[in-house]
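Colleague: Structure in C-alpha cells, see below.
A short reminder: the numbers here are calculations on the coordinates, not readings from a lab. Since the structure is predicted, the reported quantities are computational estimates derived from the model, not experimental observations. Here Cβ is always computed from backbone atoms with ideal geometry, including for glycine, and neighbour counts include all displayed protein chains.
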Amino acid sequence: MCAAIRSLADALRRFGDDRLVELLRARPDLASPVPQGISPLAARAAGAGSARRALGALTLPQLHLVEALAAMEDGVSPSSLAQAVSATPQEISPALERLQTLALVWGEDELHLLRPLREGLRSARVRRTYTPLRPPLEGEPISERIPGTRTAQAVDRALEAVRLLTGFAEMDDDPPGVLRKGGIPQRDLRRLALRAGVEVPVLATVLQSAWLAGLIGHDGEEWHPTRDWDTLCELPETQRWAELVQAWTHGHHLAAPVGTPAPGSSADTAAASAPRALLSDDLHRDGIRARRLAVLRFLYESPGIAAEPTSIMRALAWSFPLVPPAVIAEEVEAVLLEGQTLGVIDTGALTELGIAVVDSLRASVDRADTRLTQALAQAAPDPVDELLIDSDGTVTIPGRPAPALHPLLAWSEVVSRGGGITLRLTSSSVRQALGAGRDPLALLDLLQAHSRTPVPQTVDYLVRDEMRRHGRVEVSRASTVLTAEPDVLDLLTVSESAAALSLRRLAPTVAVTSSDAGFVLQVLRRAGVSPAAVGADGRSAGQAAHLLHGRSPATDLVTADGPDLRVPPDEAVARIRAADAGQHEQSVSDRLLAAIAESAMLELGVVDGRGGVERRRAVPLALDGGRLRARDDSGEEFTVLVHRVTLA
C-alpha cells in the first residue's frame, strides 16, 4: 500500500520520468539551473513567481479548477471540486491531471493548491459554467477548381519571401537607417516595400524573420546583411526559406502590426500609443510563440476547412483565457497574414508546406531544417532556364526561374506571378539597375543566351540608349564634409594617419568621406590636427560631436528571449534523479529549498557581524532574492541573507 502524499515533493517523487520531462517542458524556469533533487524542484515549483507564471499556460477549464480550489477549503476531494464547477469527476479529470502534472495541484483524495495561488485569485467566487472542450474551428470546406492550385500558390509565396530577402541584402546603395531605440524607421520601411512592389506587412514579415535568424543586423547607423546571410545565400532557395520559417515559428515577435499602436493603448499615453517599429522590442510579445504554435496546431487538427478568424480567436481564447481579447484578435490576424507571406497558411488553412512545419515542431533544429527544405523542394516545380521576349519589353518565364535568370529580376518590373512569371523591361527599371551598378551588356548576353527567339531590336535599343544616357550626372555617398585651408587638406590627403578616411577632394578647401563624424574627429586628432565639429549651419556643434564620439555600434547578434531549456529535459530529469539519490552534494540553497518543500526543521547557523555563529532551530519558509525567511521553534519569524547561513 502506497504511503500518503504529504507534500508536493512526495507527489513529484511518484512522477515517472516522462511526467517529469513534461513538467520541465511546460515550466522550463524550474530547470534553470537544474535543481539538485526532487525537494528543491518542489520548492522551486511552489515559489510565488514561478507558480504565477505557470498560470499563463492554463486552458479555460484548468483555470476554472484553480479558481474553485482557491475559493474552497484546502484538501477537498475531486468529487467536491467537480460539484462546485457543475461538472462530473470524469469531465474534470483531464484538466485536473494536467494541473497535477504542472505541479500546481498535488494530492489524490485530498487536493491541495499551491499556497501562492490560493493567496492570490478570486475573492471566494466560483464559476458555475465549465467548458471542458475547446470550441471547434468553423469555416467553409476547401475546394480547388484546378487541383494543386493552393500548393502552387504556397510555393510561389515561399520563394517570393526568399526573393524579398535577397533584394534587401543586395540594396547596399541606400540601406535603411536605425532608430535610436533600435528598429527600422517607418518611412524607410515604406520605401523598401514600394521598391519591392509588396505591402508593408509582407516585407515586415520577411525582415523580422531574417532578423530573428541573425541574417540581418545593424552597425548603429544602417541595416545590412550579416556574415550568416553571406553563408546562407550560397545555399539553395529551399534552404533559405526553411531558415526564415524556423525563425518565424519559434520567434517571440510579431511583424504584421508594424506601424500601429499597441492594442488597448490610450491616446493619453504618448509612449503607449506610438507606432511600433519593426526589428525592435516594440513588437516583442510575451507568450506569442506558444500562441502562434497553438494556432498552427488548431489548423493542423482541422483539415479540409478554411477556418474563419473569429472561430480561431474563440479557440485561442479558450486555450489562453488570461490573454485580453484585443491581444488575441491582433495575434490571430498577424499569424494568418505572416503565415500566408511565408507560404505556410492560405485562407485559414494550412498548406502542404504548413503541414510540414507542424510535423517538424518536435524535431531538432537540423532535422527540422532538412524536413522543411525537402518539403519545399518536392512541392516546387523544376526550375526553367528559358524565356520569351516580346517587342514591347515583356519577358515571360514559363515556370519557376532557374538561378541563372534571377539577375533579370533586378532589371525589370514584375507584371504577374503564378505558374510562371511575367516581367517588363522599361526605361525606369533599366535606369534603376544601372544606378545600382549592374552591367547592361551582361543583361543583353543573358537575354540572348536564354531566349527561345532572337532579342527584339526594340529591347536592344532600350538597353543601349539608357546605357548611353547613364552617368551624365554622378551621385555618390558622403557622410562627413571637411573644410580647411588648401595646405591642410593637401597634408591630410597624403598622410598615412588619415588614410583610413579615404578622403575625396571636391575643391581646394573641401573634401568628403563616407566615415562617421565621430570617427573622423578621432583620426584627425591622431594626425595632429585640432578639428572643430560644426553643425549643418556651420556653427559649433560641440555637444553633437560629443554624442557622436560616444556612440557604440550595435551588435549583429540577436538573442531571442523566452523560457527555453538550457539542457534537454530528459538530461535535466536524469540529473535531478541522481542528485535525489545522493550522488551529488547539495548546496546550502538546495538544502534550504528541500526543507521548505518538506516543512522540515533544520539546525541553522547564522553568522553575525563579528564573525560569531548563532545556532537556531527553525523551519525555512521561503527563499527569495538571496534572503531566507524562517520561523524558529518559539514561533518567531526572522529573515537573514542566505550567504550568512550555515548548515550542520
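Colleague: Under 1.5 on a/c is rounded, so check that first for the stretch 206-317, then, if it is not, pick prolate when a/b is larger than b/c and oblate when it is not; a ≥ b ≥ c are the square roots of the alpha carbon gyration tensor eigenvalues.
Modeller: Numbers: a/c = 2.96, a/b = 1.12, b/c = 2.64.
Because a/c hits 1.5 or more and a/b fails to exceed b/c, the stretch 206-317 counts as oblate.
Colleague: Pull out a ≥ b ≥ c, the square roots of the eigenvalues of the alpha-carbon gyration tensor of the stretch 1-102, then state rounded if a/c is under 1.5, prolate if not and a/b is larger than b/c, and oblate in the remaining case. Mind showing how you got there, number by number?
Modeller: Working: a/c = 1.90, a/b = 1.47, b/c = 1.29.
Prolate shape, in that a/c is at least 1.5 and a/b is the bigger ratio.
Colleague: Treating each Cα of the chain as an identical point scatterer and ignoring solvent, apply the Debye formula and state log10 I(q)/I(0) at q = 0.09 Å⁻¹.
Modeller: With no solvent term, the Cα-only Debye profile gives -0.95.
Colleague: Once amide H atoms are built 1.01 Å from N in the peptide plane, which residues 5 or more positions from residue 621, or in another chain, come under 5 Å H to H?
Modeller: 629, 630, 631
Colleague: Next question. Once you put a point 7 Å from the Cα of residue 460 and another 7 Å from the Cα of residue 438, both along the Cβ direction, what distance in nm separates them?
Modeller: Label at residue 460, label at residue 438, 2.1 nm between them.
Colleague: How high is the relative contact order of the stretch 67-185, in percent, counting Cα pairs under 8 Å that sit 6 or more residues apart?
Modeller: Numbers: 89 pairs, mean separation 31.8, N = 119.
So the answer I get is 27 percent.
Colleague: State, as an integer percentage, the relative contact order of the chain based on alpha-carbon contacts under 8 Å between residues 6 or more apart.
Modeller: Values: 986 pairs, mean separation 93.6, N = 648.
With pairs under 8 Å counted, the relative contact order is 14 percent.
Colleague: List every residue whose amide H lies under 5 Å from the amide H of residue 305, counting only residues 5 or more places away in sequence or on a different chain, with H placed 1.01 Å from N in the peptide plane.
Modeller: 142
Colleague: Over the stretch 362-418, what is the relative contact order in percent, taking alpha-carbon pairs closer than 8 angstrom and at least six residues apart? Write down the numbers at each step before the final one.
Modeller: Details: 29 pairs, mean separation 14.0, N = 57.
Over the stretch 362-418, the number comes to 25 percent.
Colleague: Rg and Dmax of the stretch 394-492 over Cα atoms: what are they, in angstrom?
Modeller: Expressed in Å, the Cα Rg and Dmax of the stretch 394-492 come to 19.2, 65.
Colleague: What number, rounded to the nearest 500 deg cm²/dmol, is the helix-based mean residue ellipticity at 222 nm of the chain, given -39500 (n - 2.57) per DSSP H run of at least four residues and division by all its residues? Display every interim value, and only then the final one.
Modeller: Numbers: 27 runs with 283 residues, N = 648.
One gets -13000 deg cm²/dmol as the mean residue ellipticity at 222 nm.
Colleague: Give me the number: length gained by fully extending residue 180 to residue 506, i.e. 0.36 nm times residue separation minus the C-alpha to C-alpha distance, one decimal in nm. Each step should come with its number before you reach the end.
Modeller: On the way: separation 326, 0.36 × 326 = 117.36 nm, distance 3.17 nm.
The residue 180-residue 506 span can extend by a further 114.2 nm.
Colleague: Using a/c under 1.5 as the rounded threshold, could you call the stretch 105-263 rounded, prolate or oblate? The axes a ≥ b ≥ c are square roots of the C-alpha gyration tensor eigenvalues, and prolate needs a/b larger than b/c, oblate otherwise.
Modeller: Values: a/c = 2.44, a/b = 1.65, b/c = 1.47.
Note, shape of the stretch 105-263 comes out prolate.
Colleague: With 10 angstrom as the radius, rank 636, 598 by how many other C-beta atoms surround their C-beta, starting from the fewest. If you can, show how the numbers build up before the last one.
Modeller: Details: 636 10, 598 18.
Least to most surrounded, the residues fall as 636, 598.
Colleague: For a footprinting-style exposure proxy, rank 461, 300, 130 by other Cβ within 10 Å, fewest first. Before the final figure, lay out each step's value.
Modeller: Working: 461 10, 300 16, 130 19.
Fewest to most other Cβ atoms nearby, the residues stand as 461, 300, 130.
Colleague: Compute the long axis of helix 588-598 from its Cα atoms, compare it with the longest principal axis of the Cα atoms of the chain, and write down the angle in degrees, 0 to 90, nearest 10.
Modeller: Between helix and principal axis, roughly 60 degrees.
Colleague: Please compute the Kirkwood hydrodynamic radius over the stretch 325-432, one decimal place, Å, based on all pairs of different Cα atoms. Walk me through the numbers before you get to the answer.
Modeller: Working: mean 1/r = 0.0603 Å⁻¹.
So the Kirkwood estimate lands at 16.6 Å.
Colleague: Under 12 Å from the Cβ of residue 189, count the other residues' Cβ atoms, weight Lys and Arg +1, Asp and Glu -1, and hand me the total. Before the final figure, lay out the partial values.
Modeller: Details: positive: 187, 190, 191, 195, 276; negative: 188, 199.
Neighbour charge sum, excluding residue 189 itself: +3.
Colleague: What is the local net charge at residue 8, summed over the other residues whose Cβ is closer than 12 Å to its Cβ (Lys, Arg +1; Asp, Glu -1)?
Modeller: With Lys, Arg at +1 and Asp, Glu at -1, the neighbours total +3.
Colleague: For the chain, what proportion of DSSP beta bridges, expressed in % and rounded to the nearest 5, is antiparallel?
Modeller: Numbers: 52 of 54 bridges.
Roughly 95 percent of the DSSP beta bridges within the chain come out antiparallel.
Colleague: Here's a follow-up. Within the stretch 287-376, report the trypsin sites (Lys or Arg not before Pro) that DSSP leaves as loop and that have at most 11 other Cβ atoms within 10 Å.
Modeller: Working: sites: 289, 291, 292, 297, 314, 362, 367, 371; in loops: 362.
Filter output for the stretch 287-376: 362.
Colleague: Additional query: Under a crude label model (7 Å from the Cα following the beta-carbon direction), how far is residue 600 from residue 143 in nanometres?
Modeller: Those two pseudo-labels are separated by 6.9 nm.
Colleague: Report the local net charge at residue 179: Lys and Arg +1, Asp and Glu -1, summed over other residues whose C-beta lies under 13 Å from its C-beta.
Modeller: Details: positive: 180, 181, 187, 276; negative: 188, 221, 222, 281, 282.
Net of charged neighbours comes to -1.
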